[in-house]
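The values are calculated or read from the model by the stated rules, or taken from the named source; none is laboratory data. What you see is a predicted model, and the numbers here were worked out from it, not measured in a lab. Cβ atoms come from the backbone with ideal geometry, glycine included; neighbour counts cover every protein chain shown. Just so you know, the surface numbers come from the protein's heavy atoms only, side chains and all, with ligands and any DNA or RNA stripped out. Shrake-Rupley method; radii C 1.70, N 1.55, O 1.52, S 1.80 Å.
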Amino acid sequence: MASWDQIRSEVRSFRASVHPTVTTIRDFTFDPCGDRIYFLANDLSRSSKSPMLFFVNLPRPYSAPSEAEDEYSDSCSDSDADSGAGTDTDTAADLDPMVAQLQGFDARHRHPHQHQHGHGHRQHGHQLLDQEDHDMDLVPFDPLSYQGFAAPAPAVHIIPSARTLPSAPSRSIPSTTGQYPPPTGSSPSAIDQILAAAPVLDWTPVLSEEWIKHSNTHLGHAQTDRLSFYQFEPQVNRLMFPYGAVIYTGDVQENGKVDPQPARATSAAESSSNRTYSNLVHNALTAGLNLVSVSGPLTSPRTSPSNTASPSFGLDKGIGTSGAKADPRLGGSEMDLIAFTRDEDIWVMTTTGIETQLTFCSRNKKKSDISCGIAEFVMQEEFHRFTNYYWAPSRVHRRRGPPSPVPAGTNGHYSTSASPSTQHAAASFCDSAASPPSSSSTFTSSSQSSSPISMPSPTATDTLPVSATNKAQGRTTERILYLQVSEAMVDLVVIPRQGMHPEYEEYRYPHTGTPNAVSDLQIVEFVPRQHDEDVVPEPLHKRLWGRTSLYKMFPWLEYIVRFGWMPDGESVWVQILDRRQQITAIVSIPLECFMSVAEQSESSEHTEDELASRIRVIYEEQSDYWINITDIMYIFPKEETVLSHLYDFEDTIQLIIASERTGYRNLYLASHSTHSGATLTPITAGQYQIVDKQITVDTSRQLVYFTAKRDSVLETHLYVASFAQGADPGNVKRLTEPGYSHQTTVDTEKGRFLTLYSSLDRSPSCAVMHLRWGSCRHAGSMSVSLEDIESRRPWCPCGCQLPKISSHAFVIREGVLNLSADKIRRSPIVRPSSHTGHARSCSESFMSNSRVDSTLNGLRSGSMNSISGFLASHLLSTSLLSGRQHHDSSMGFGSSAEGERKSSLKFISTAHPTSSSSPNGSLPPSSSAASGVINASHHPVGEFFTFMSSDNVQLHGCLYRPANYVQGQKYPTLVSIYGGPRSQMVTNEYKLPKFLRVFLATRMGHAVVMIDGRGSNDRGLKFEGRLRHRMGQIEIQDQVEGLQFLARPENGGLVDMERIAISGWSYGGYLSLMALAQYPHIFKLAIAGAPVTQWELYNSAYTERYMGLPQENMEGYSKSNILKWVDKFPDSENRLLIAHGLIDENVHFKNTETLAADLIRHNKPHQVQIYPTERHGLRDARVNEHFETLMFYWLKNYL
């Protein structure tokens, strides 16, 4: 047997080898006016590795071409560029003189789109477009287009990239001579080559190292303080973020620098100190690399592993109060106020820290179950709305940015020669007269957003519909829309805290079948104090009374799942849902329907009837399964509605919504008029799922950008469709490269998008791609005029309104290809299936020689303890596949004298493999002996497989072979499972370090299998709905049939059906228990973490959505109850391990407590591991180490 000390040493060695590569990069925000991108990334230079805020300056726009150049460009047919016509007859040497000559060109001849029409393209173009790229209409790649970039912003200390853009003469030009050799059996796509030659941009920290030191010394910050989220307001060019216990704001300077100031009253000495600090030089802090989650594979996919149960962020203590600031949001008519919640109330403060209390729930100590602006538990946990208040739309004018000439319309942006009346529809986003067509604010965090929908602000020329202007203070009356929540009838849960203070915690938790919270929609109007001595009127609260009450008008209402302001600020909207979650409606409510207490006392029934008649149901839907609430919604401002002869301009409300009414989630244009009623026009159609991510709408071009799994259920891509009149809902264009999963952010103002993409084989890469629009071939014209766009012209049959990919691209982060991936793909255990994704499932990397040299030089010159050294070493492996480095013999597959295959992993010694473990039960060779490191270039690689279930349903799975794999042998197998609805584990995206325990299991000599069975996400509502009213009754059958499929000799036969373990957390823990009870002859042991054991103990919203109301599905609840299966658990020892956090706030410890009591009553062997200080997820590093040691002690000794 393996000892506890052996297992613990192996776990520690594994974690130590992974730690240097655990990085994050997330929450991207475009600043169109400043031409930069903000994002959060890990600070690798600090011991806490906490995320910090960075920005990247994008190259400035290019000068518009001259008329002569326009004529020259127009003389070349656009169809040639689109089809990739031309021959590659020139070598890199032939092109070098052209590069040198290019340096002498005028700037107008060097903008990045000249190759699309120029003579050089016709002679030296590359045949890049293969069949899979044709639907994307890619512009052929030309590296010459990168030689004319404007110089980057000067005079800031930045983090140097591991590879930089060389000067023009030394730039390597890709050709067919082999400088960009694709992997065997594949060829580079157009996008691959575009990105291969694109320059890598440098990161600049928003908070300099000097600022961090100053804040630690003078502002009371600790080394462990972290920056969790930020909000950027382009109208006023202002950033707001909480850092540690303080909220900071700062105006972004032209060079991107920010001098953040604490939003609190400061003493003269502190103010002087801050002014002194502002003159310090900004230095770099760190660089983050790839977007990954730090959770283990057992974490519930439904919630972000980095979040607590309540993602409201606690901040500094208020003067004279006991609570902490949470959920801060920048807003107000001048975007200079910060709202936040504290002690169950909403407060607001100025950027100097002068506070005004807006609601007063906390004053009533006898009714502590009432709160304002704070979302209740199930709203956060199950409906993913983490705030309960929203600022009224701001009327701040967009800031005027620097001169920003743009290329001609055929090159991706509107022509600068357009008339002034149409300029605001083009890339004149920064002009103060512009009408902002996109969201007025950008609020980023891992758990919440500033608005539940994509909603533009009203035009700057509108006036704020306020009740009064406070002349004495010079301030306009502000408004905040919020929900007042009463949890008086909700169950009170008390959780003991062993050895902690306080000794227990209590909160409201609605169990299945018990009363939920009741929410009341209200508006508060107020004038904020600007100074401590200011006297302002009391805040005025208004609500819906009598017959205008939502509960009166909609008796079936149970949940207010989404709400917010209409674009004009004169109405609000709410989305409501019934208790069974099968009926939903979106309702528009004019502001005049809200009345104060005084106004209501003077109103009559006739007044209430009149006000109630103005409340409009603008959309409604019913489902036989359930309605999945999403954040996909866009409400059009009045001036941007897509009108037909049926609608009246002033009376029409239009919005884009998502619906699964056809069985699959698609987009619809919903219109409502009091005269013409409601209509619903499909924008997309097909048997695929649109992903629950916010959409981006370009109202000028009548386009909507969205992410979906249209090409493969395993990959997420960015698509674009048109909602113009007559557009075909089946005409949808993919804009991202297949073979990866993409997370995207779109900037419609500058015609570009950012994609963070990865695959099983490749760590996340990040790039900015530009879009272009071609000529209209249907009409025979050479361009689409802005007048046509402004007049909302109908859909053109040639599809010219849809964009194409331009060769104008920039790289922010380059991913790393797994060195063992190609070898594993050449020798798959299971025959590849055409249904598991694109044929190009192994991500390719194309790297020029100059980049390899740059990376090697960085590695030689940079210390491995420095940031530049780390970047160089981390990026080095990308170049190895080009053959410039010698591979270690243990890295490749090869036939030994005995005909055995060597391991694909360097840290495993496989000179004489015999079995998964030695006869004496010792561990396989560890990485500590081999000095291996688990990172982006060295980790296990999953293999997709597809099989048909017994009821003829196609299911997808992923297999990880053990590190000591030998062909023909069987291995103990771990099934890693979640399995519940709204989850998908089998995807073509990077898994490090999210699946660290999976990787650790393979290192320990186990095969690992993951299967997305019936009920999993993104396969359509019918596929998901197979779980309806019978959770726990069908999922394990799919897992068993997948294991039997892999155990067949023709499918590799490595799964040892005599040694199968199953493990999962939350719903996965529940299914692990069900597996051992239902199939004890298949599963030898189960390790269940934080399991639900009876659904009556779980929350109402989740359980009732899938199981129905308890009184209406008594049989289903009984069959899904683990306690009803206790007598079926095996009688042999060491087969059941249960782990649970004692203060679990989601799946309460009572679930495990009741199961353990029943197991004891039935005298069934089991072991329960309690973690007294842990909640639903294991967050403490020492606790994680203990659980992993315990888990693998069981797997090594009892499986």
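Got the relative contact order for region 1084-1170 handy, in percent, Cα pairs under 8 Å and 6 or more residues apart?
40 percent
Whenever you get a sec, compute what percent of the accessible area on region 1075-1156 sits on carbon and sulfur atoms (1.4 Å probe).
The nonpolar share, carbon plus sulfur, comes to 50 percent.
Need one number: nm distance between label points at residue 12 and residue 1132, each 7 Å from Cα along Cα→Cβ, rounded to one decimal.
The modelled label-to-label distance comes out at 3.4 nm.
Each residue of region 1122-1135 in turn: what ³J(HN,Hα) in whole Hz from Karplus with 6.51, -1.76, 1.60 and θ = phi - 60°, glycine and Pro shown as x?
For region 1122-1135, the Karplus curve yields 4, 5, 6, 10, 4, 5, 8, 5, x, 8, 7, 7, 6, 10 Hz.
Given Cβ point charges of +1 (Lys, Arg) and -1 (Asp, Glu) and nothing else, what value in debye, to the nearest 20, does the dipole of region 662-778 about its Cα centre take?
Taking the Cα centre of region 662-778 as origin, the dipole is about 180 debye.
At 1.4 Å probe radius, can you tell me the per residue accessible area of region 491-597 in Å²?
41 Å²
Check residue 747: other-chain or 5+ apart residues with amide H under 5 Å from its amide H, H built from backbone geometry?
Excluding prolines and chain starts, which carry no amide H, the hits are 752, 753, 754.
Cα centroid distance between region 674-698 and region 1064-1113, in Å?
Value for the Cα centre distance between the two parts: 35 Å.
Could you report region 1002-1080's accessible area per residue, 1.4 Å probe, as an integer in Å²? Write out the running numbers ahead of the final one.
On the way: 1820 Å² over 79 residues.
With the other protein chains kept in place, region 1002-1080 gives 23 Å² per residue.
Over 21 Å between Cα atoms, which of 970/1196; 1124/1164; 1128/1164; 1084/1164; 750/991; 1022/1124 qualify?
750/991; 1022/1124
Probe of 1.4 angstrom, ligands and nucleic acids ignored: what's the accessible area per residue over region 730-778, in square angstrom?
Numbers: 830 Å² over 49 residues.
Counting only protein heavy atoms, the per-residue value for region 730-778 is 17 Å².
So, taking all protein chains as they sit and a 1.4 Å probe, how much accessible area belongs to residue 1173, in Å² rounded to tens?
It works out to around 80 Å².
For region 566-682, just say rounded, prolate or oblate: build the C-alpha gyration tensor, square-root its eigenvalues into a ≥ b ≥ c, call rounded for a/c under 1.5, and beyond that prolate if a/b exceeds b/c, oblate if not.
Oblate, since a/c reaches 1.5 and b/c is not below a/b.
Can you order the peptides 348-357, 475-484 by their average number of other Cβ atoms within 10 Å per residue, highest first?
Highest to lowest by the protection proxy: 475-484, 348-357.
Starting from 0.36 nm per residue, how many nanometres of slack lie between residue 1173 and residue 798 once their C-alpha separation is accounted for?
Length gained between residue 1173 and residue 798: 128.8 nm.
Using a 1.4 Å probe on the protein heavy atoms, what percent of the accessible area of region 220-261 belongs to carbon and sulfur?
43 percent
Round to a whole number: what % of the accessible area of region 473-572 belongs to carbon and sulfur, probe 1.4 Å? Could the numbers behind the result be given before it?
Working: 2250 of 4390 Å².
Ligands and nucleic acids excluded, carbon and sulfur reach 51 percent.
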